[in-house]
C-alpha cells in the first residue's frame, strides 16, 4: 500500500452542481483540496457505481495517471459517476483512504465511509448524513466577499429582488403559460415592494424563457443576465445584495443556495411538483424558509447553512478533531 497524500480529492463529473457541492464540503475538511473531474466511459458510465469490476480501465489511458497512487487521505465525491471512483478507492488504498459520497449512490451506503443524501431522498443508514437540501459555499464570509466584489449593484433601487431562473425538468414544464404567469407575479411583487428586479438565467434556462421575461419586465429597474454576452455572471453579487430572492421551483441546489442567504425566498409552483421535489419544498415551507410568489413574508429569515453542520459531522465520524 502506497503512502497517502495529506490532501482531499473532490471528485465529480462535469456537472456544475456536483462540483459545487463536492468542493463546498471538501474545503471545510481542513486539508488541501485537489479537484478531479473524471468521466468514466462505457460500460462503467452506464452502470456506475454498481459496475466496479475492472474499474481502473473506466478512464481513457491518457487520464488514468490522474486517478492513481499515492491515494488521498480522504475523497469526497458527488454524483453517480464520482460514486464509482470513491467506491473503488477503498479497496485500491487497502481501506486507508476514507470516502465520502454526496447524493444517493443507489446502492448500499456501506460501500463508502459516509454517504450524504438530502432528507427528501429518504435514504437511511448508520453512516448516512441527511441535510435539508444541498451543500453549497454560501456563508457569511462568502456573502461578504461577493458584496465587496459587486459594489456596483448598490446603484440599483432597493429593495433588490433577485430572480434566479432554472429550467424545465421532468414534471415541471415551464411552458409559455407558466412563463407569462411568472412574469405577471414578478410585476405584482414589484408593485407591492418597489425597488428593482435582478433576473439571472442559468445554463439550464431556455433562451425563450429568459427572453420572454426580459421583454415582459423591460420597463422595470434592474438587470437581466442571460449569458456571457451580458458580461460577467453577477450571481454571487445578486445573492449578496438581494433583499428578497425568487427562485424557480425546479432546482434543489438553487433553492438551497437562495435559502442560505438569510433574506425571504419565494417560488412559483402553481402545479403539483414531482414527489421528491415536493417533499423538499414542503420541508422548506414548514421551516418558514420558502414562500409563494404572491405571499407577503418578512424580509429577513434564518439562513439555511447545512454545509458546516454536515462537515462537522463528517469530521466527527472520521475521528478528526
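A few remarks follow.
- In region 153-183, the residue that is surrounded by the fewest Cβ atoms within 10 Å (Cβ to Cβ) out of those that are free of Cβ contacts under 8 Å to residues at least 24 places away in the same chain and assigned to a helix (DSSP H, G or I) is 155.
- Residue check, residue 304 at negative phi, surrounded by 14 or more Cβ atoms within 10 Å (Cβ to Cβ) and part of a loop (DSSP other than H, G, I, E, B): yes
Yes or no, residue by residue, for (1) part of a strand (DSSP E or B); (2) assigned by TED's automatic domain parsing to the domain that holds residue 102; (3) within 16 Å of the chain's Cα centre (by Cα); (4) more than 30 Å from residue 97 (Cα to Cα):
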{"position": "240", "(1), (2), (3), (4)": "no, no, no, yes"}
{"position": "249", "(1), (2), (3), (4)": "no, no, yes, yes"}
{"position": "254", "(1), (2), (3), (4)": "no, no, yes, yes"}
{"position": "258", "(1), (2), (3), (4)": "no, no, yes, yes"}
{"position": "261", "(1), (2), (3), (4)": "no, no, yes, yes"}
{"position": "264", "(1), (2), (3), (4)": "yes, no, no, yes"}
{"position": "273", "(1), (2), (3), (4)": "no, no, no, yes"}
{"position": "282", "(1), (2), (3), (4)": "no, no, no, yes"}
{"position": "297", "(1), (2), (3), (4)": "no, no, no, yes"}
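- Single residue of region 213-229 satisfying the filter (in a helix (DSSP H, G or I) and at pLDDT below 95) that is surrounded by the fewest Cβ atoms within 10 Å (Cβ to Cβ): 229
- Beta carbons closer than 6 Å, at least 6 apart along the sequence or on distinct chains, pair a first residue in region 30-55 that is at pLDDT 95 or above with a second that is in a loop (DSSP other than H, G, I, E, B) for 33/27; 37/14.
- Screening residue 76 against (1) out of contact with any strand residue (DSSP E or B) (no Cβ under 7 Å at 6 or more places or on another chain); (2) not in a loop (DSSP other than H, G, I, E, B) leaves a single unmet condition, (1).
- If you go through region 25-51 and keep only what is in a helix (DSSP H, G or I) and farther than 18 Å from residue 98 by Cβ, you end up with 44, 45, 46, 47.
- Screening residue 190 on (1) out of contact with any strand residue (DSSP E or B) (no Cβ under 7 Å at 6 or more places or on another chain); (2) in a helix (DSSP H, G or I); (3) in contact (Cβ under 8 Å) with a residue 12 or more places away in the chain shows it passes everything except condition (1).
- Selected residue [more than 17 Å from the chain's Cα centre (by Cα) and under 27 Å from residue 282 (Cβ atoms)] from 199, 163, 138: 199
- Test result for residue 112, within 20 Å of the chain's Cα centre (by Cα), modelled with pLDDT of 95 or more and surrounded by 15 or more Cβ atoms within 10 Å (Cβ to Cβ): no
- Pair list, Cβ < 8 Å and 6+ apart or interchain, from region 200-225 residues that are not assigned by TED's automatic domain parsing to the domain that holds residue 186 to residues that are part of a loop (DSSP other than H, G, I, E, B): none
The values are calculated or read from the model by the stated rules, or taken from the named source; none is laboratory data. This structure is a prediction, so every number in the text was calculated from the model and none was measured. Neighbour counts run over all protein chains shown; Cβ positions are idealised from the backbone, glycine included.
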